[in-house]
Amino acid sequence: QVQLVESGGGLVQPGESLRLSCAASGSSFSVYDMRWYRQAPGKQRELVAAITRGFSTQYAEAVKGRFTISRDNAKNTVNLQMNSLKSEDTAVYYCNVDGVAIATRITRRYWGQGTQVTVSS
């Protein structure tokens, strides 16, 4: 089983930056794709950014040029650097990780508890 611990959320003003981190831990698993989702009140959860084990990245159009996703395979962590934050970025951000069990080679998606990001003047 995989456990995800997120950190870095908070309250900032428009134009400021935040860096989110997510650490995956557990035994007998390998981490493959890692993602950040977000969900604002009254809206559906949406994919913000994704990164593969080979470091290929994908971003939602709304955050391109402002957010950067990165990972450290040695530490099983994924980060989201968020610059030039806007009020529209306010949401709960969730870490999502594909974990592959070494014994069975079965892939499961694991979710973090979510961390609140509030951008307000």
Can you pull out every residue in the range 83-108 that is over 11 Å from the mean Cα position of the chain (by Cα) and either closer than 23 Å to PRO41 by Cα or among the polar types (S, T, N, Q) (or both)?
ASN83, SER84, LEU85, LYS86, SER87, GLU88, ASP89, THR90, ALA91, THR104, THR107
Kindly evaluate ASN73 against the criterion of being modelled with pLDDT under 95 and of a type outside the set (Val, Ile, Thr).
yes
Within the range 3-104, considering only strands (runs of 3 or more DSSP E) that don't extend past its boundaries, which have at least 1 residues that are within 17 Å of THR118 (Cβ to Cβ) and open to solvent by less than 40 Å² (accessible area, probe 1.4 Å)?
10-12, 18-26, 29-39, 46-51, 67-72, 77-82, 91-101
I'd like the full set of residues that are touching a Leu at 6+ places or on another chain (Cβ under 8 Å) and either open to solvent by less than 20 Å² (accessible area, probe 1.4 Å) or farther than 13 Å from GLN1 by Cβ (or both), limited to the range 107-121.
GLY112, GLN113, THR115, VAL117, THR118, VAL119, SER120
Among LEU85, LEU47, LEU20, which is touching a Pro at 6+ places or on another chain (Cβ under 9 Å) and closer than 20 Å to GLY9 by Cα?
LEU85
For GLY9, work out the one condition from (1) more than 15 Å from the chain's Cα centre (by Cα); (2) farther than 30 Å from THR104 by Cβ it doesn't fulfil.
(1)
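Quick grid of which residues meet (1) touching an Asp or Glu at 6+ places or on another chain (Cβ under 8 Å); (2) over 14 Å from TRP111 (Cα atoms):
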position: VAL2; (1), (2): no, no
position: LEU20; (1), (2): yes, yes
position: SER27; (1), (2): no, yes
position: GLY54; (1), (2): no, yes
position: GLY65; (1), (2): no, yes
position: ILE69; (1), (2): no, yes
position: ALA74; (1), (2): no, yes
position: LEU85; (1), (2): yes, yes
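The values are calculated or read from the model by the stated rules, or taken from the named source; none is laboratory data. Worth saying up front: this structure is predicted, and the values here are computed from it rather than measured. Ideal geometry is used to build each Cβ from the backbone, glycine not excepted, and the neighbour counts take in all protein chains shown. Accessible surface is based on the protein model in full, side chains and every heavy atom, while ligands, DNA and RNA are left aside. Shrake-Rupley method; radii C 1.70, N 1.55, O 1.52, S 1.80 Å.
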